[in-house]
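What follows is a short report on a single structure.
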Amino acid sequence: MKAPRDQHFLIDRKAIEKIAGMVDVAGKRVLEIGPGEGPLTKALLNRGATVIAIELDSGLVEDLKIRFAREIKNGTLILIHGDAVRCEIPPFEKVVANLPYSASSRITFRLLDIGFGEAVLMYQKEFGQRMIAPPGTPGVGRLSIMVQTYAKVKPMMQLSPKAFSPPPEVHSWVMKITPRSPPHPIADTDLYALIVRELFSHRRKTVRKGLKTSRSLLGTETVDRIIGTLPDELLARRPEELSLKEFADIANAGAAQPEKAHRSAKQ
């Protein structure tokens, strides 16, 4: 079957088995997004997982219903026809998936917001590199800061275009993601996420100018509170120069009740 949209089917059998074995899935409810024709689904089922598979393409869903009719009947495979960015997702413990490239960021943020034990996810190599770009370096961005605030991320495997059908134009990285509490207390996680987003939307500006440009979204009182609290040295720097602690300091300075700083993983 022709791959729908930007989906590239993983056909390298050795890679499929390695990915399925990167976390212990026996007896676990495992979320798989974009199962395609089902080879990774099969490998997870063979390892004793109960798989919740979300597939957007209706043609693939029908094929999966036929191929895994027995597993669907006995409840070891829950097949959902839907968009993983917005559809309702049943409770799960771990995630193993070859994510569609175009939705990688939105799905990753959603998974971190929902929460899970461990995840093994495949991305474009360039996307994976941005995920692990250290704070304070030129390659850092909103994705880097938000993911590293709430998770530990480790590259596990690189795959060439030949591992897929049809072959993509880029190499892929398999990443292991383990959620964690933020390393620095955050008073308001929603404000933190908004500040990170807005500062990187104006990444060529200093923190001071970026905050002022975002007054309409952050609120005048919040921006004034931050600028009036933080040292000029910090306000004169650019977002790519900041550490995770400094992003937390900015958000906490803007929080109405900073004494309630906590380490929630909510975004």
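The values are calculated or read from the model by the stated rules, or taken from the named source; none is laboratory data. Please read all numbers here as calculations on a predicted model, not as lab measurements. For neighbour counting, all protein chains shown are included, and Cβ atoms are generated from backbone atoms with ideal geometry for every residue, glycine included.
Counting just the residues of region 86-105 that are within 15 Å of the chain's Cα centre (by Cα) and surrounded by fewer than 15 Cβ atoms within 10 Å (Cβ to Cβ), which one comes out modelled with the lowest pLDDT?
Checking each candidate, the answer is S102.
In region 128-170, what residues are part of a loop (DSSP other than H, G, I, E, B) and either surrounded by 21 or more Cβ atoms within 10 Å (Cβ to Cβ) or in contact with a strand residue (DSSP E or B) (Cβ under 6 Å, 6 or more places away or on another chain) (or both)?
I132, V140, V170
Conditions first: (1) surrounded by fewer than 17 Cβ atoms within 10 Å (Cβ to Cβ); (2) in the same structural domain as A253 (by TED's automatic domain parsing); (3) over 17 Å from T108 (Cα atoms). L199 passes all but one, so which condition is the exception?
All conditions pass for L199, except number (1).
Looking at region 67-81, which of its residues are surrounded by 15 or more Cβ atoms within 10 Å (Cβ to Cβ) and in a loop (DSSP other than H, G, I, E, B)?
F68, T76, listed by residue number.
So which residues in region 87-126 are assigned to a helix (DSSP H, G or I) and under 21 Å from G36 (Cα atoms), if there are any at all?
Scanning region 87-126 gives Y101, S102, A103, S104, S105, R106, I107, T108, R110, L111, K125.
Where the second residue is aliphatic (A, V, I, L, M) and surrounded by fewer than 16 Cβ atoms within 10 Å (Cβ to Cβ) and the first is outside the structural domain of V95 (by TED's automatic domain parsing) and lies in region 151-172, which pairs have Cβ atoms under 7 Å and are six or more apart or on separate chains?
Close Cβ pairs satisfying both conditions: none exist.
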